[in-house]
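Only one structure is covered here, and it is reproduced in the block below.
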Amino acid sequence: MIGDGVAIQVVVNGRERAIAVEPHHTLLDVLRTDLGLTGTKECCLVGECGSCTVLVDDRSVDACLVLAAEMDGTRITTVEGLTVHGQLSPLQQAFLDTSAAQCGFCIPGQLVSAQALLDRVPHPTRAEVEEGLAGNYCRCAGYEQIFEAVLAAAEAAPGGPARAAGPDVGDRSSTPDAEVAPQ
């Protein structure tokens, strides 16, 4: 402990950081307030919306649910860390090309979750994309464009087209039903 803070060392977006964090602060608090990485959005604060999704040691987590003090020794990637040599990643470009970013609020979490999916499954099916992004809500209901963006990025990646050729709509159970939950 340093004063009232806990000293941690982390690698954030490829940069080593040594910081003192308050024991009760979440990773979201530290990223936004202490490190100025405001791409990670603050929304529900209970792990329901996915707006604060980041990668911790290549696993997607809701930053609002993780204590920063527990992050000592980890690698953290935020939406700012998805760029490649200062340029948009193919995934980020696909989001732009398909108009997936409507209001843009959910997009950082969607991008990070999509990157985690593509890291695990480089050429996912439509159903795998839907499942991989199921924890991220879009209030604008732009799911179609978001799914298209992830599939387009996967198709453009080395290794050929996505496994699912044709109109694979997959399991729609993770897609919000407008009659049940109006947007």
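Quick check: is even one residue across region 71-80 basic (Lys, Arg), out of contact with any Ser or Thr (no Cβ under 7 Å at 6 or more places or on another chain) and assigned by TED's automatic domain parsing to the domain that holds VAL30?
Going residue by residue through region 71-80, those that are basic (Lys, Arg) are 75.
Among the residues that remain, those that are also out of contact with any Ser or Thr (no Cβ under 7 Å at 6 or more places or on another chain) are: 75.
Filter again for assigned by TED's automatic domain parsing to the domain that holds VAL30, leaving 75.
Checked against the condition, which is being basic (Lys, Arg), out of contact with any Ser or Thr (no Cβ under 7 Å at 6 or more places or on another chain) and assigned by TED's automatic domain parsing to the domain that holds VAL30, region 71-80 yields at least one hit.
Inspect region 142-153 for any residue being buried (at least 16 other Cβ atoms within 10 Å of the Cβ) and free of Cβ contacts under 8 Å to residues at least 24 places away in the same chain and give the result as yes or no. Full working, then the answer.
First, pick out the residues of region 142-153 that are buried (at least 16 other Cβ atoms within 10 Å of the Cβ): 142-143, 145-153.
This time we only want the ones that are free of Cβ contacts under 8 Å to residues at least 24 places away in the same chain, so: 147.
Yes, region 142-153 contains at least one residue that is buried (at least 16 other Cβ atoms within 10 Å of the Cβ) and free of Cβ contacts under 8 Å to residues at least 24 places away in the same chain.
From the list ALA100, ALA116, the lone residue that is closer than 21 Å to GLY47 by Cβ and of a type in the set (A, V, I, L, M) is ALA116. Count of region 77-92 residues, restricted to those that are in contact (Cβ under 8 Å) with a residue 24 or more places away in the chain and part of a helix (DSSP H, G or I), is 6.
Apart from one condition, ALA63 fits all of (1) of a type outside the set (Lys, Arg); (2) buried (at least 20 other Cβ atoms within 10 Å of the Cβ); (3) more than 11 Å from the chain's Cα centre (by Cα); the exception is (3).
For region 10-35, which residues satisfy the criterion of being within 16 Å of THR77 (Cβ to Cβ) and either among the polar types (S, T, N, Q) or part of a loop (DSSP other than H, G, I, E, B) (or both)?
First, the residues of region 10-35 that are within 16 Å of THR77 (Cβ to Cβ): 10-17, 27-28, 30-32, 35.
The answer is ASN13, GLY14, LEU35.
In region 30-58, which residue that is of a type in the set (D, E, K, R) and either within 10 Å of the chain's Cα centre (by Cα) or surrounded by 14 or more Cβ atoms within 10 Å (Cβ to Cβ) (or both) is farthest from CYS138 (Cα to Cα)?
By that ranking, first place goes to ASP34.
The values are calculated or read from the model by the stated rules, or taken from the named source; none is laboratory data. In this text the structure is predicted, and so the values were computed from the model without any measurement. All Cβ positions, glycine included, derive from the backbone under ideal geometry; neighbour counts span all protein chains shown.
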